[in-house]
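The values are calculated or read from the model by the stated rules, or taken from the named source; none is laboratory data. As the structure is a prediction and not an experimental result, all values here were calculated from the model. Virtual Cβ from ideal backbone geometry, glycine too; neighbours counted across all protein chains shown.
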Amino acid sequence: MISSEFLRQLSSLAAALFLLTAFSLLAQRHMRAFLGWFAVQGILLAATSALVAFSTGIYELYVSAFLALILKGFLMPWLLWRIVIQLGVNREVEPLINIFPTMLIAATLVLFAYYVSLPIQKTTLVMTRNIIAIGLACVLIGMLIMITRRKAITQVVGYLAMENALFFTATAATHGMPLVVEIGIAFDVLIAALIFGLFFFQIRETFDSLDLRHLEDKS
Amino acid sequence: MNLLNLLLAIPILTGTILAFTAHSRRAARLNIAASLLTFITSLGLALRVLEQGSTVFNGQAFFLDPFNIFLVCLTAFVAANTAIFSSAYMLHEEEIGRVTPRNMRLYHAMFQLFVFGMLLALTTNNLGVLWIALELATLATVLLVALYQTPAAISAAWKYFILCGMGIALALFGTILIFSTSSDVLGHSNAALTWTLLYAKADQLTPGVITIAFVFLMVGYGTKVGLFPMHHWLPDAHAEGPTPISAVLSGLLLNVALYALVRCKALVDGATHNGLAGHLMIGFGLLSLLVAALSLHRQKDIKRMFSFSSIEHMGLITFSFGIGTPLANFAALLHMTVHSLVKSGIFFTVGHAAQAMKTQIMGKITGLINLQPGIGLGLLLGTIAIAGFPPFGIFTSEFLLLTAALKSYPWTIGILLPSLVVAFAGLFRHLQPMVFGAPPREVHTVRVNMIPVYIHLGLALYLGLAIPTFLANWFQTAADLLSRGSL
């Protein structure tokens, strides 16, 4: 059994790495690297779940670690990459605002997240405040990706990154939601991903492009 | 088999069957039958609550109390009438080729899934499941908004999806925060998310965490309710989707989202004992009311106009719950009921009008009263009711609301009354030419079914004149419960 101090350090490390992946997602210009970092984030999520499961003995979490690894680490990034290839989308990420200012905004968001979570006192659980602050920062960065990117696919990755951050917070800060809730959320995300897939084809058929500028013009 | 299982099983089973029913006419009939059956089941449950008071079902998984039972009945009732309306409406849309038979199948299946999502959200005893059910109801309607596959419809659906996705993610973050503090009190299990158990121990939760959680829940569920400034998805989704969907979105989904928000507020009040949650709701409510009332004037599309009217009324109800006195809660509950009856009735009428005129642009809809008196009269009466004229129920609830506001926050009257007047003017300035203007030369009469509209308006009228005792008792109990902040 590992000591609680070591565990605390490990979960801090996981949180820091998670924040790093969120920033890396934001910094990518190329579609392939973008999806690659998304996959890394998924794998990190799975690793965190497994870590928490190991240290707390809540074995349900192994299930969600496994699901995260398969779905978020491999299947979804791969499917999105397939869509990029199949639809012949331009391989550039095409941000609305330049990368550098977006990074500055993201840094401000992190500060904001820490400020918001100041009143949260340290509870019995491991390092709750840090993890909640980082989780919130990653949710906000996911939103930033959705807002500042032009393509439908990048918006979807932003959405899924946000979902990843939520799962991360739930596992690391509260040792996972009850199983019913976790499965329900996973189910909803799966349906959402399916609908996204349908949308790609509808948008492409109607607008002949996945660039959302056209969508705005015609509305 | 208990009635609650039946209530949830009917929509989900019917939805599955409808997904494989290719014959549109038969599917529409099955849709009506199932919706009516759901409504009857909900009445049975209401009777039980009437006799036994609040009840939990299936262990602690579901519960019914005076606050959610009437919303369950209302949801089932409006859904049943919408199914009746949509049968004629959607078959007409299929005839003129706006919808393919395959999409009709999708439409019927998703309609039932949507109803399932809402009923689950209303009856569940679990915060997490509430979130899941609300998200499910949204996902079910996203594809329906895009049903016509026009560029505008797809763009509206995308906006709906993305904005609500963002909002609901924040709500989930709030839920996680609540769980992070409640699991210290109630243990790491489902119990820590169960309403009835949480309420009882609300004052043991950490106020700091709960306060932050409520801000997230407010923004998250508030997006769903359509509160300013997160309302941008709402007019588009209402205008571009098929009219029956606009009716249920406006009349039901907004209510359910607001229900979630109000439940959270009661919990937060119990934990923090300061008026923060209420003040937030008052602020958001007033802003939405004001912005929506002003926006009403600038609309060109008839469905967009009435969707802004929905934002206005949701703002009003949020404001009223924010005040939080028993009288204000009573007014808000009554307003919720009457608004969903009248608004869905209006959308039915608008659907017929748009089919008759082949357009949704208000400038091109003229002289309805001469052309098709049924539609013209329905639209006129509906608008009179929604604008808050006596003797319709909205007048009663707005009157109560103003009284409550005058008692607790007199300064808000300075915003409330002008906004109501501005909204009133906005509605009637557009309505006048549509109903009484010169009719266009070429005339297409459509087969209309105005009975659901008259049932809805009749009920709104009845609630305005005399609220039945049992309903008033429920409202009273629910209002007291919400103002105390715990069970």
Point to revise | Residue among B:272, B:194 that is crowded, with 24+ Cβ neighbours inside 10 Å, touching a residue at least 24 places away in the same chain (Cβ under 8 Å), among the β-branched types (Val, Ile, Thr) and within 14 Å of chain A (Cβ to nearest Cβ) | key: B:194
Check your understanding: Is it fair to say residue B:133 is touching a residue at least 12 places away in the same chain (Cβ under 8 Å), farther than 27 Å from residue A:60 by Cβ and either more than 7 Å from chain A (Cβ to nearest Cβ) or crowded, with 24+ Cβ neighbours inside 10 Å (or both)?
Key -> no
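Condition check ((1) within 14 Å of another protein chain (Cβ to nearest Cβ); (2) of a type in the set (Phe, Trp, Tyr); (3) buried (at least 24 other Cβ atoms within 10 Å of the Cβ)) across all residues:
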| position | (1), (2), (3) |
| --- | --- |
| B:175 | yes, no, yes |
| B:215 | yes, no, no |
| B:225 | no, no, yes |
| B:241 | yes, no, yes |
| B:244 | no, no, yes |
| B:247 | no, no, yes |
Check your understanding: So residue A:7 clears everything in (1) buried (at least 17 other Cβ atoms within 10 Å of the Cβ); (2) closer than 26 Å to residue A:181 by Cβ; (3) of a type outside the set (Asp, Glu); (4) under 14 Å from the mean Cα position of the chain (by Cα) except one condition, right? Which one?
Key -> (4)
**Study point:** Unmet requirement for residue B:80, which otherwise passes all of (1) farther than 12 Å from residue B:111 by Cα; (2) surrounded by fewer than 24 Cβ atoms within 10 Å (Cβ to Cβ); (3) within 18 Å of the chain's Cα centre (by Cα)
**Key:** (1)
Point to revise | Hey, residue B:109 buried (at least 21 other Cβ atoms within 10 Å of the Cβ), within 14 Å of chain A (Cβ to nearest Cβ) and under 25 Å from residue A:202 (Cα atoms) or not | key: yes
Check your understanding: Is there a residue being assigned to a loop (DSSP other than H, G, I, E, B), farther than 17 Å from residue B:288 by Cα and over 14 Å from the mean Cα position of the chain (by Cα) anywhere in the range B:225-241?
Key -> yes
**Study point:** Residue selected from the range A:181-201 under the condition of a type in the set (Val, Ile, Thr) and more than 7 Å from every other protein chain (Cβ to nearest Cβ), by the criterion nearest to residue B:146 (Cα to Cα)
**Key:** A:189
**Study point:** Only one of B:265, B:303 that is in contact with a Ser or Thr (Cβ under 8 Å, 6 or more places away or on another chain) and basic (Lys, Arg)
**Key:** B:303
Point to revise | Residue that is part of a helix (DSSP H, G or I) and farther than 24 Å from residue A:141 by Cβ, where the choices are B:211, B:175, B:196 | key: B:196
Study note, to complete from the structure: A careful count of residues in the range A:160-180 that are at pLDDT below 85, within 9 Å of chain B (Cβ to nearest Cβ), assigned to a helix (DSSP H, G or I) and surrounded by 24 or more Cβ atoms within 10 Å (Cβ to Cβ) gives 2
Point to revise | Enumeration of residues in the range A:137-159 that are touching a residue at least 60 places away in the same chain (Cβ under 8 Å) and more than 10 Å from chain B (Cβ to nearest Cβ) | key: A:137, A:138, A:141, A:144, A:145, A:150, A:151, A:153, A:154, A:157
